[in-house]
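J.: If you scroll down you'll find the structure; I have some questions about it.
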Amino acid sequence: MLRRMSKNKKEAMGMLALMLPTTLLFLILSGMDPTTLPLASQPLPLGLPATLGNFPIAAVIFYISMGLTGLVLALLPATLSRKKTLLSGFLLLAVAALMGLFSRSLFELCCWSLLGGIGCTMNICAWISIGATYFPRHRAMVVGLMICLTAASNIVANKLSAIQHAINEQGKLPLLPALAGMLIFVLLYILIWHFFQQISASGERRFIRPEARGPVGSVWSRGPLLLFLAAVCLPLSAGSFDYLYSTYMREILGFPIKTVEMAIGIAMSATLLSPLGGWLGDRHGAMKTLLITLPLTAAIGGLVSLGWNLPVDILMLLVFLLGFGLTAVFYINILAALIESVSPMQNMRAAGLFYVAFNLGIPVADLLFTHLKERLGWTALVLLQLVCPLMLATLLVWLAQRILKSDDKAVLPG
């Protein structure tokens, strides 16, 4: 039995390792620059603007399609096949990424971004569900590894930006990248399908065992919904962090552009420590970790936003801790807390609900920032959009914890 469990865990680790190239593919798609297209100046139908806030319309459509797909997954039956969801999402993502290279106009790119957002959410929610199923005591670590792989893939995607800009003035498809991409897609699909074939249904059920705390039955219960509202605070505080704080550092604190770029780069690099945030969540509990780190992150955010003449070294350290709290702790543990608050069969629905909050919240946060920056001073704006959501999230997580504990006590006598 131990040999079979070891084999299944190795296969699950193999599937998680496949997340790196698949994540890389959708990042290349989502990072395509619409201005490089030959007909980028062509107006969009239905009077759609080319940009919304600080985001190109293609990126906005990508986020919205991801959020709406997460809502669909949260509404579908809990018995929905993870295997079919993963493979279907992968195919949609593959088609969108490849056809994105053929895009000759902004409208075409928007269409493929819509399809890519759907495939991306199906893919990533299925991956998370698989990892949480096979490693039930290390859910936060699974999410942390996923985010770390995403950050690493983003670095690789930026290095491969030449592929995105390989479309020449005539809009011809670069033959070599297209053929290489098709080959990678086919190989990845075969590998994923092979891993699923190796995992028997009995082996999968062996890892779905009850935890010490009895989770609630549905993602629409009070506890998970409060955690969903807390997840909404994540994009509000972190969605515009790089643009918000970089502009604040330039205009208010008076730092040169190189120092600002270094500070933002340091904050974003904290994402690579996501496995550490996952380890903290597994070790001490996701909600307990959030209740400790969210107020500390809010305090650091307030400290770096007061305009004090802090030494550059101290400021860089505080910015790094702020980035770590937002991306390596908040993101990881709020998703892990949502998954832990429901039964194992509901974990993909919980992941879908999280991506509703996260992906729809990003363009909303940007629009909120665009609207408020003309009405408030920079210090008040940073405090309102960075610190207040973190404090609100702390309150919501605390309420969710109390409700889930009371639900446990109500279930135990039965």
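The values are calculated or read from the model by the stated rules, or taken from the named source; none is laboratory data. These numbers were taken from a predicted model, which means no experiment stands behind them. For the accessible areas, the whole protein counts, side chains as well, though only heavy atoms, and no ligand, DNA or RNA atoms are used. Shrake-Rupley method; radii C 1.70, N 1.55, O 1.52, S 1.80 Å.
J.: Note the full-extension length gain between Lys288 and Thr370 as 0.36 nm times their separation in residues minus their Cα-Cα distance, in nm to one decimal.
T.: Working: separation 82, 0.36 × 82 = 29.52 nm, distance 3.39 nm.
Value of the extension gain: 26.1 nm.
J.: Could you give the length gained by full extension between Leu76 and Lys258, i.e. 0.36 nm per residue of separation minus their alpha carbon distance, to one decimal place?
T.: Details: separation 182, 0.36 × 182 = 65.52 nm, distance 4.79 nm.
Separation in residues times 0.36 nm, less the Cα-Cα distance, equals 60.7 nm.
J.: By how many nm would the segment from Val186 to Arg137 grow when fully extended, if each residue of separation counts as 0.36 nm and the alpha-carbon distance is taken off? Provide the component values of the computation, followed by the final result.
T.: Numbers: separation 49, 0.36 × 49 = 17.64 nm, distance 3.31 nm.
14.3 nm is the gain from fully extending Val186 to Arg137.
J.: For the range 272-414, with every protein chain kept in place, what is the accessible area per residue (1.4 Å probe, Å²)? Don't skip to the end; give the middle numbers.
T.: On the way: 5940 Å² over 143 residues.
Accessible area per residue: 42 Å².
J.: Once the whole set of protein chains is in place, how much accessible area is left on Cys111, using a 1.4 Å probe, in Å² to the nearest 10?
T.: We get 60 Å² for Cys111.
J.: Moving on to the next point. Just how far, in whole angstrom, is the range 108-149 from the range 368-410 if you go by their alpha carbon centroids?
T.: Between the Cα centres of the range 368-410 and the range 108-149 lies a distance of 25 Å.
J.: Let me check something: with ligands and nucleic acids excluded, how do Arg222, Arg349 order by accessible area (1.4 Å probe), largest to smallest? Don't skip to the answer; put the middle values down first.
T.: Numbers: Arg222 150, Arg349 30 Å².
Putting Arg222, Arg349 in descending order of accessible area: Arg222, Arg349.
J.: Quick one: ranking Val304, Val312 by accessible area, 1.4 Å probe, largest first, what do you get? Show your work: numbers first, answer last.
T.: Details: Val304 5, Val312 65 Å².
Of Val304, Val312, the descending order of accessible area is Val312, Val304.
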